[in-house]
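Below is one structure, written out as structure tokens; comments come after it.
The values are calculated or read from the model by the stated rules, or taken from the named source; none is laboratory data. These numbers were taken from a predicted model, which means no experiment stands behind them. Counting neighbours? That spans all protein chains shown, and the Cβs are built from the backbone with ideal geometry, glycine included. With ligands, DNA and RNA removed, areas are computed over all heavy atoms of the protein, side chains included. Shrake-Rupley method; radii C 1.70, N 1.55, O 1.52, S 1.80 Å.
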Amino acid sequence: TVEMKDLFGKNIDYSFRNPPNFMSLIPIEATVRDAQYETEAILDEYFYHPNTAPFLCIRFIQRFGVSNPAPRYVKSCATAFHEGIYHAGGRSFGTGQYGCLKATVASVVLDREARSVVLDADPSQGSLRE
């Protein structure tokens, strides 16, 4: 536990999951190794965070043509990201590993919302151009 004080000088108990580690600025082998371990740990934390899949899927869907995707579309894409596989038209896409971009992009491009002829006629569907 790290002791911190608020604006009024009152002690606040705050705990860190990974307490801050202050490394030496002298580049020795142990310092470089520790920096690499810390970098790998934080990247893994971001990659496996529950919000990563929906965040990436919304951005991919918006880039591929739908400004305001339906929640079902985002969930389908996020599931493909989590499971690493996407089934469409009797075919499977992906490796089955978490974060497979092949399955994720296949779910974005081959989803029924992206390929619907009815939605193509809707003037509010798609993305706006500047």
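Scan the range 63-76 and give yes if some residue there is out of contact with any Asp or Glu (no Cβ under 8 Å at 6 or more places or on another chain), modelled with pLDDT under 90 and either assigned to a strand (DSSP E or B) or of a type in the set (Val, Ile, Thr) (or both), otherwise no.
no
Only residues that are open to solvent by 80 Å² or more (accessible area, probe 1.4 Å) and part of a helix (DSSP H, G or I): list them for the range 45-61, please.
Hits for the range 45-61 are 46, 55, 59.
Residues of the range 65-77 being open to solvent by 10 Å² or more (accessible area, probe 1.4 Å), in contact with a Phe, Trp or Tyr (Cβ under 9 Å, 6 or more places away or on another chain) and among the hydrophobic types (A, V, I, L, M, F, W, C), which ones?
The one that is open to solvent by 10 Å² or more (accessible area, probe 1.4 Å), in contact with a Phe, Trp or Tyr (Cβ under 9 Å, 6 or more places away or on another chain) and among the hydrophobic types (A, V, I, L, M, F, W, C): 66.
Mind checking which residues of the range 62-91 are closer than 14 Å to residue 103 by Cα and among the polar types (S, T, N, Q)?
76, 79
Out of all the residues in the range 86-103, is one or more in a helix (DSSP H, G or I), touching a helix residue (DSSP H, G or I) at 6+ places or on another chain (Cβ under 6 Å) and within 20 Å of residue 115 (Cβ to Cβ)?
yes
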